[in-house]
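Here's the structure, in structure tokens; my notes come after.
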Amino acid sequence: MMFQALAVVVAVVHVLFVGYVVVGGFLSWVIPLRFIPAAITAHLAAFLWGFGGVIIGYDCPLTHLESWARVRGGWEPLPSSGFIEHYLTGVIYPESAVGIVQIVVAALVLISWIGIAVRVQSRRLSPQS
């Protein structure tokens, strides 16, 4: 039971991480300006990790941890295709739309980063009170 709970917790953390990769840059639109450098650094690291996992195909430690916990808990391991293919592809969006989803995700990240740049630049150009 403990390993099953661990598998569920890891899956939830994984979903949150994927969500952060997709929309985490938008958090910098609303946080205080002094936190933006740390937020950008964290989001850039998360994005590069997620991007690398999708494009290069290296293994995600969260996927391995969840699969390990599932096996120890008496469940089937995650398929070798990985977390995204198991939980998202074919469930949240059709398999035929993978390329479109990747483009939309990249566009969302780019838009969020452009918004951050605009926010920081407008702050620099505004007269200090």
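The values are calculated or read from the model by the stated rules, or taken from the named source; none is laboratory data. Keep in mind that what you see is a predicted model, and the values were worked out from it rather than measured. Cβ sites come from the backbone with ideal geometry, for glycine too, and all protein chains shown count toward neighbours.
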- Task: Return a yes/no flag: does region 75-82 have any residue that is among the charged types (D, E, K, R) and over 16 Å from Val10 (Cα atoms).
- Result: no
- Message: I'd like to check something: does region 60-67 contain any residue that is closer than 28 Å to Leu6 by Cα and assigned to a loop (DSSP other than H, G, I, E, B)?
- Response: yes
- Report whether or not Phe47 is farther than 13 Å from Val21 by Cα, in contact (Cβ under 8 Å) with a residue 60 or more places away in the chain and out of contact with any strand residue (DSSP E or B) (no Cβ under 9 Å at 6 or more places or on another chain). no
- Query: Just wondering, is there one or more residues in region 98-121 that are in contact (Cβ under 8 Å) with a residue 12 or more places away in the chain, surrounded by 15 or more Cβ atoms within 10 Å (Cβ to Cβ) and in a loop (DSSP other than H, G, I, E, B)?
  - Reply: no
- Considering only region 1-27, how many residues are loosely packed, with under 13 Cβ neighbours inside 10 Å, part of a helix (DSSP H, G or I) and over 17 Å from the mean Cα position of the chain (by Cα)? 2
- Query: Of all residues in region 28-75, how many are hydroxyl-bearing (Ser, Thr, Tyr) and surrounded by 15 or more Cβ atoms within 10 Å (Cβ to Cβ)?
  - Reply: 3
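Results for (1) at pLDDT below 95; (2) at negative phi; (3) charged (D, E, K, R), shown as yes or no for each residue.
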{"residue": "Leu78", "(1), (2), (3)": "yes, yes, no"}
{"residue": "Ser96", "(1), (2), (3)": "no, yes, no"}
{"residue": "Ile111", "(1), (2), (3)": "no, yes, no"}
{"residue": "Ile114", "(1), (2), (3)": "no, yes, no"}
{"residue": "Arg124", "(1), (2), (3)": "yes, yes, yes"}
{"residue": "Pro127", "(1), (2), (3)": "yes, yes, no"}
- Starting from region 1-16, keep only residues that are within 16 Å of Gly74 (Cα to Cα), then list their pairs with residues that are among the aromatic types (Phe, Trp, Tyr) and modelled with pLDDT of 95 or more whose Cβ atoms are within a distance under 7 Å, requiring at least 6 positions of separation or different chains. Gln4/Trp75; Ala7/Trp75
